[in-house]
Every structure is written in structure tokens, then in C-alpha cells.
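Step one of this worksheet: look at the structure below.
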Amino acid sequence: MSESSAVASVLVPSALYNMQLILEDMTGPHGAALLGTAWHFAALDATLPLGECDLPVTWERYATLLQTLAGVKLEHHPADEANHAYDRVEFGQPIVLAVDSYHLPYRPAFRRVNSARTIIVTAIDMAAGMVEIVDPWMPNYRGAVALADLDRARASVVPSDHGREPLYAGDPLRRRWWTLALLGDPLLAHRDSTLRALALLTAQAEGHLAQAATPDALEQSRIDIVGALAMPLADSQSARRRAALHLRGEIGLRAYLVEFFRVAADVLDDPLLGGEIAAWSMQLAELARARDVLIKSIVFDRPIYGEIVDDVLVMAIRRERRFLQFMKEAYSGDPAEMPQAGSVSC
Amino acid sequence: MKTQFLDLSAHANAHAATFDADRGVGFVNAWRNSFPAEEVPFGNTLLLKGIPFVLPRKAAGAPDHVEALGQEIDVRPYFTARAVGILGFGELGDQTLDITLTSRFGDIRRVKAVLPNWLVPRDAGADGRSWRASHLHYGASYELDHLQPALFAVIAQLSTAIQPVAIRLGLNPLAHVMAVSLLSMDAAHV
């Protein structure tokens, strides 16, 4: 499993980053772009699960988009009572596992802090009771772990403890796991299918494919987030945490979407698209500023934080409206006519 | 090279360091991490990258530095500055800090300083621009040394010299400033 830098500078959900590492091993440096198949933004929804291992879009929905645009089959298993995940590793398939670092002896906070994230398992020796893993979470680690420790880490409820882990605790893991397989060429492999991929993404963002229009959802999120920051910390700590995790997930999806668009602009040799992507993608830094101030606001309460977050989200929404308008004018199409990845002959 | 040290004590609004006996009293981030106050050279001069910085004195439980929230710092006496030295660090990654200097005649110079992430892996090589503690404090009264907290000297070159009467820090709660030194020489000559 190689090191990756394509989206390394952006704090993204660890499951996505680990999938990037696996895809880059399979396909080379464009692996990050393949994950950029969701032009998505959802309004905050208090009824949906949202921990370190969740996205603002359901994994099932994301898997459908991955298969349609990238030719990648993503399996998300919300539980694993029969240890099917280990069967896959024995067949040579790397898997992503949700774990609680409290139970992993190589983590600095071993037996001190319950904190959820994901790791990659690359090999297993059932007889010896050992697995080989890759954990890119700083300080990163690759090496052996006892299966018994891993099983405890997978089964953890990750008890909530705001004092020690304000963000990534409080959501049971239930032995969740993920794996990826390549089914065919991505739409980015050909000029014509790249055009269709851009039309499909644009249709997503416009709100045609079972999701809200992204600028509207961003605007609603801005109102909700600023509202939470206007409330006393004691009454809004949970909402602030949820908003930070929500933004973190959306930023993760967008970081890969930016990679997808950049590759598309190269395939189409379209410098105008490249310029618009450069201007639009500056919103990643704005959304990241909002996310990071929200994280800070979980324990620090300063009225000015709300103003800062409001300002950067207004800029991000402005960029979203402009880029979506450009894409509607340049690359819209009928999503019903879109082929799936792998259906275009070479 | 002449240096003018700015007094930030009136603007201190955040905690960077805690003593072993009171690790939960103040912290930098949401994970309640802090520098070990016993190691930080509070009340002394720290020389990094050829630039001297004067750190404030540290009192247990009291703010010891500035979280950048738009503070305006008076500059007395007048001093001709060609560069600004910042001793600070970024929280949750590298952080950009806008700095605005204003002269008594209303002239303005604007510069940016990028403050590197404060948590450095233990095995990272040393450099001449940072000071690093041996371990990181956690609010739940323990310490680890896999990540070590660091202070960085960053020099922001001004387009032309100015005699500022005030320096305004930008609005970035993730940018932390421990000390500011005005420099009479260009950054290239430091």
C-alpha cells in the first residue's frame, strides 16, 4: 500500500482516505479522482447517523454513484458477525475496517482514549492470530496487530467522552467494513463519456437526482450552523459537533470531486473549465475554515466564531452558485441517458 | 539588526501551556492539548532563525498568548520596521495570519504570515526556525511524546519600511501568536 498525497492535505473522513490508498494501488495516481463521484451537499439532518465512519450521503447512495461514474464497486457492510471481512483478506483483497484506537497497542493513546477511525487490513494469518495493517492516521503505522486486539477494536461502542475525544467518540462501530473492486473503465477514460459524467454530476448538483440543489443545501446549512453558534455552548455542543462532522464529510466528498473535475478538464483539454474549477475549489479552504472553527467551538465559546463561520460559508455559497451556473451552461444533459461506467467500449 | 519587542500582555486571551500540576486548566484545542509550561522559556528571550523574541511571563491558569481575533497592538516607541517576526503556531494545520501595520500618517502595510502546524512527529528532523517541547500535555492529566508541540519563527517581509503606531492581527482563531518582534532589516538579511 503506497503513500498518497493527492488529497492528503485535506482533513477527510478516514474511510475515504483509505479507499483512496486502495484505489491508487489498483489504478495509479488517478485513484483519488475515481472517488469524486458525488457533487453533493446535504442540509444538516439530526436523524441520520454521523460519526467518523459516516458520510453525509448514505454509503449505499455513494456506492451507486461510484459504480455509475467510476466503474468501482464499493461494498459497505454495517456489521460482520461471521467475520466475512477476514475471508476477503484471505483471498487477497484489502479491506477497510472501522476501529477504536483505544484497543490498538501501537496507537499513542492505547487504553487512554476511545476514538473511532478506519484502517486497512492487507494480510491475515489466522493460524498465528495476526494481521498486517496500514493506519495513515498520524502518527501513521504499518505493521502487525494481533487479531484479538483488532476484534476488540472493531466491536467497540466507542463510549462518548467529551473531555478526551470531543469529535470521534460516541458512535458504536458494530464491526463495520468496506471493500472495493474495479468493474470496468471509469467514465473519465474517454472523452465522450467524460462529457456525460460531467452532465450527470451537474444534474446531481442541480437537485435532479434525489437530492437537494447544492447551493440551497449549503445555504440551509449556513443558517443552521450560525444558529447553533449563536446559542450558549451548553445548549449547542452536540449541534456544533454534528455540524463539524457534517462539514468534514462534505469536504471529503468535495476534495475528491475536485480531483475528478481536474482530470476531466485534462481529458477534455478545456482550460476554461480548468479555470472555473480553480476558482470554485477555493471553497475547500473556506469550508475547512468553517469546519475547524466549529471543531474549536465544541469547547471554546466566543461570539465572534459565528461571524467567522458565517463569512466563509457565504463565500463558499457564492462560489458554488457560480460554478454550478457555469456547469449548467457548459455541460448539462439529460441524466436519464447517461451510461454506466464500463459500458463504453475501448 | 535592531529589534523592537511588542508587549502582547494586554491582549493575551488564550492558553498555550499548562504546568504538570494543572494540565486541565487551559488548552489550545478541542482535544485539550497544551505545551508543558515547565519547558517553554516564559519570561526569557528565545532566539530562532537569528531573530530574538521575548516571551511573556507565565502564571498558572492565566492566558499566556494571543489567539488572533483582530487585536490592535500599540507600537511604542517609534521604530522603522522592514519586516515582522512572529513567534507562533497553527492549530489544526498550517494557518495564515493577516498582519496590518499603520503609521501615524495613515500609511498601511499588509503582509501575511503562515504559521506551521504546532504538532510535530517526534522523529521529524530539527530545524533552526522552531523550538520544540519534549512532550504534549493532555487535559485528562497525562502526557505523550509521539507528537511534540512546537513554536515557529516566521518572518513577514514588508514591501517598504514603515514606522507603525499600531499592528492589527487578522481574524483567525486557529492562528496563535506568542510574541512579535519588529525588525529593522529585510528578511533576506536576517
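Here are the numbers:
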read-out: Net charge contributed by nearby residues that have their C-beta within less than 11 Å of A:Pro159 (K/R +1, D/E -1); value: -3
read-out: Local electrostatic count at A:Ala116 - Lys and Arg +1, Asp and Glu -1, tallied over other residues with Cβ under 14 Å; value: +3
read-out: Kyte-Doolittle mean at least -1.0 and Cα axial length at least 18 Å: DSSP H helices in chain A; value: A:14-27, A:191-206, A:214-230, A:233-268, A:283-297, A:303-331
read-out: Shielding by partners, peptide B:167-175 (average Cβ within 10 angstrom, other chains); value: 3
read-out: Pair B:Ala62, B:Arg76: separation of 7 Å Cα→Cβ label points (nm); value: 2.0
read-out: Shape category assigned to the stretch A:1-108 from the gyration tensor of Cα positions, a/c cut at 1.5; value: rounded
read-out: Leading residue at positive end of dipole, the stretch A:96-138 (Cβ point charges), from A:Thr122, A:Trp137, A:Phe110; value: A:Phe110
read-out: Contact order normalised by residue count of chain B, Cα under 8 Å, 6+ apart, percent; value: 34
read-out: Percent of C-alpha pairs per 5 Å bin, the stretch B:48-89, short to long; value: 5, 13, 19, 29, 22, 9, 2, 0
read-out: Evaluated at q = 0.16, 0.19, 0.26, 0.32 Å⁻¹: base-10 log I(q)/I(0), Debye formula over Cα of the stretch A:146-197; value: -0.65, -0.72, -1.03, -1.08
read-out: P(r) tail fraction, the stretch B:7-134 - alpha-carbon pairs more than 18 Å apart, %; value: 60
read-out: Charge dipole (debye, nearest 20) of the protein assembly as shown; +1 at Cβ of Lys and Arg, -1 at Cβ of Asp and Glu; value: 1360
read-out: Amide H within-cut-off set for A:Leu44, under 5 Å, with H built and near neighbours excluded; value: A:Ser221
read-out: Cα-based Kirkwood hydrodynamic radius, the stretch A:94-133, one decimal, Å; value: 10.9
read-out: Cut-off of 10 Å, at most 11 other beta carbons, DSSP loop: longest stretch of chain A lacking such GluC sites (Glu not before Pro); value: A:82-346
read-out: Cβ-Cβ FRET estimate between A:Arg322 and B:Ile108, R0 fixed at 45 Å, reported to 0.05; value: 0.90
read-out: Residue list for the stretch A:31-45, given a label point 7 angstrom along the Cα-to-Cβ vector of A:Leu182 and an amide N cut-off under 14 Å; value: A:31-35
read-out: Cβ-Cβ FRET estimate between A:Asp25 and A:Ile223, R0 fixed at 45 Å, reported to 0.05; value: 0.60
read-out: Whole-angstrom gap from the stretch B:2-39 to the stretch B:41-74, using each part's C-alpha centre; value: 8
read-out: Per principal axis, descending, Cα span of the protein assembly as shown in whole Å; value: 74, 58, 46
read-out: Neighbourhood charge, 12 Å Cβ-Cβ cut-off, centred on B:Thr100 and excluding it, Lys, Arg +1 and Asp, Glu -1; value: +1
read-out: Most positive-pole-ward Cα, B:Ser34, B:Thr3, B:Ala60, against dipole of the stretch B:1-65 from beta carbon charges; value: B:Thr3
read-out: Three-way shape label, the stretch B:114-172, alpha-carbon gyration tensor, a/c 1.5; value: prolate
read-out: Theoretical ellipticity at 222 nm over the protein assembly as shown - DSSP helices of four or more residues, -39500 (n - 2.57) apiece, nearest 500; value: -10500 deg cm²/dmol
read-out: Relative contact order %, the stretch A:10-128, counting alpha carbon pairs below 8 Å whose residues are six or more apart; value: 25
read-out: Positive-end residue, the protein assembly as shown charge dipole about Cα centroid, Cβ charges, pick of A:Gly227, A:Ala203, A:Leu150; value: A:Gly227
read-out: Per-residue average of Cβ from other chains inside 10 Å of A:21-31; value: 0
read-out: Rh by Kirkwood over Cα pairs, then Stokes-Einstein D for the stretch A:137-286 at 1.306 mPa s and 10 °C, µm²/s; value: 82
read-out: Net charge dipole size for the stretch A:1-157 [Lys, Arg +1 and Asp, Glu -1 on Cβ; Debye, nearest 20]; value: 340
read-out: For the stretch A:76-99 and the stretch A:191-263, distance of Cα centres in Å; value: 29
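Only the coordinates and a few stated rules stand behind these numbers; no lab work does. All values derive from a computational prediction rather than experimental measurement. Cβ atoms come from the backbone with ideal geometry, glycine included; neighbour counts cover every protein chain shown.
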